[in-house]
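Read-outs: derived from the displayed coordinates by stated rules, not from any lab. Because the structure is a prediction, the values reported are computed rather than measured. Here Cβ is always computed from backbone atoms with ideal geometry, including for glycine, and neighbour counts include all displayed protein chains.
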Amino acid sequence: MEEGRFCQWSVIRSVLAILQWWGFNVTVIIINKWIFQKLDFKFPLTVSCVHFISSAIGAYVIIKVLKLKPLISVDPEDRWRRIFPMSFIFCINIVLGNVSLRYIPVSFMQTIKSFTPATTVLLQWLIWKKYFDWKIWASLIPIVGGILLTSITELSFNMFGFCAALFGCLATSTKTILAESLLHGYKFDSINTVYYMAPFATMILAVPALLLEGSGVVAWLYTCPSLSSSLVIIFGSGVLAFCLNFSIFYVIHSTTAVTFNVAGNLKVAVAVTCSWLIFRNPISMMNAVGCSITLVGCTFYGYVRHMLSSQSPGTPRTPRTPRTPRSKMELLPLVSDKLDDKV
């Protein structure tokens, strides 16, 4: 009886965690788009800087003040030699995501972000010479096909926004691949990752944001018709961005890898739907079909990865399927692929 209640509570907790994650993720995306489109605050570097500052403060409060998570100590030398390069990639990843939101609809941006598994596999194959099971390559076909169909039929296509989103996928993949080699020996969770990386990212981005967008931000402050409410929305997006990172950490420990993968793809569908209801960006039938194919492909990719990783070392393989070499080049993500959804 007690075991049944425990299982029931575990399911309820997992569902609540996923709904909380969906809520924060979709809200952050919609608010960022609202800032760029409705508030006419067209400064993605500044918005990213606000997110980093808010995340740094939030992580400090969680670890140092509330002590909800223990601090993972890092040598001062390693902070510059290992964490700083990761922070640079982390910064590029977030900035490119906000830049793409500035120029293309949420639906298109979210679909392109689903291309991340393909870019990760391609980079590991081309640069690190890592071998993959043929099932992995087969699972990438619907992802690539769906992205191509969506891009061709996108009615609000913008080349700059498309390139920003695509390079954002490459930045995410690079972060995933390099994390283990740069942070070897440090078993970071989401909050500790933000605690160490957000201050570095703020430092990296502050000067470019000031030089490239400083005068524009000052002019916007003088011309904004409702300055107080607009600033509340902008800084509120930073607070929600940190809450999103914290919710990702909670979901990771409440669900399985397959559940997270499926929930993540359903989250994209929810974000696309909410974006269309709020901003009414035009979506053709073929564009919706392309987005659906991409999401199905991502789900299939996650399932294949899970099935291959759950095979025991003694599982027989066919001669045509080369086994992935167990070497230092076989890099793993910082915590898992689940953390790639930070905003």
Coarse-grained scattering of the stretch 146-234 at q = 0.19, 0.24 Å⁻¹, given as base-10 log I(q)/I(0) from a Debye sum over alpha-carbon atoms: -1.09, -1.15
Peptide ranges 202-208, 52-58, 18-24 listed from the most packed, as the mean C-beta count within 10 angstrom indicates: 52-58, 18-24, 202-208
The stretch 77-176: relative contact order in percent, alpha carbon pairs under 8 Å with at least 6 residues between: 54
Values of log10 I(q)/I(0), in the order q = 0.11 Å⁻¹, for the stretch 90-243 under a Debye, Cα-only, solvent-free model: -0.59
Qualifying trypsin sites (Lys or Arg not before Pro) in the stretch 71-165, DSSP loop, other Cβ atoms within 10 Å at most 15: 129
Virtual spin-label span in nm between residue 75 and residue 222, 7 Å along Cα→Cβ: 5.2
Label point distance in nm, residue 207-residue 122, each placed 7 Å from Cα along Cα→Cβ: 3.3
Label point distance in nm, residue 296-residue 277, each placed 7 Å from Cα along Cα→Cβ: 2.5
Förster-model FRET efficiency, 30 Å R0, residue 284 and residue 135, C-beta, rounded to 0.05: 0.40
Long pairs among 64/267; 69/267; 135/175; 64/187, criterion Cα-Cα beyond 22 Å: 64/267; 69/267; 135/175
Cβ-based net charge around residue 279, under 11 Å, with every Lys or Arg adding one and every Asp or Glu removing one: +3
Per residue convex hull volume, Cα atoms of the stretch 1-144, in Å³: 218
Alpha-carbon centroids, the stretch 78-146 and the stretch 34-75: separation in whole Å: 22
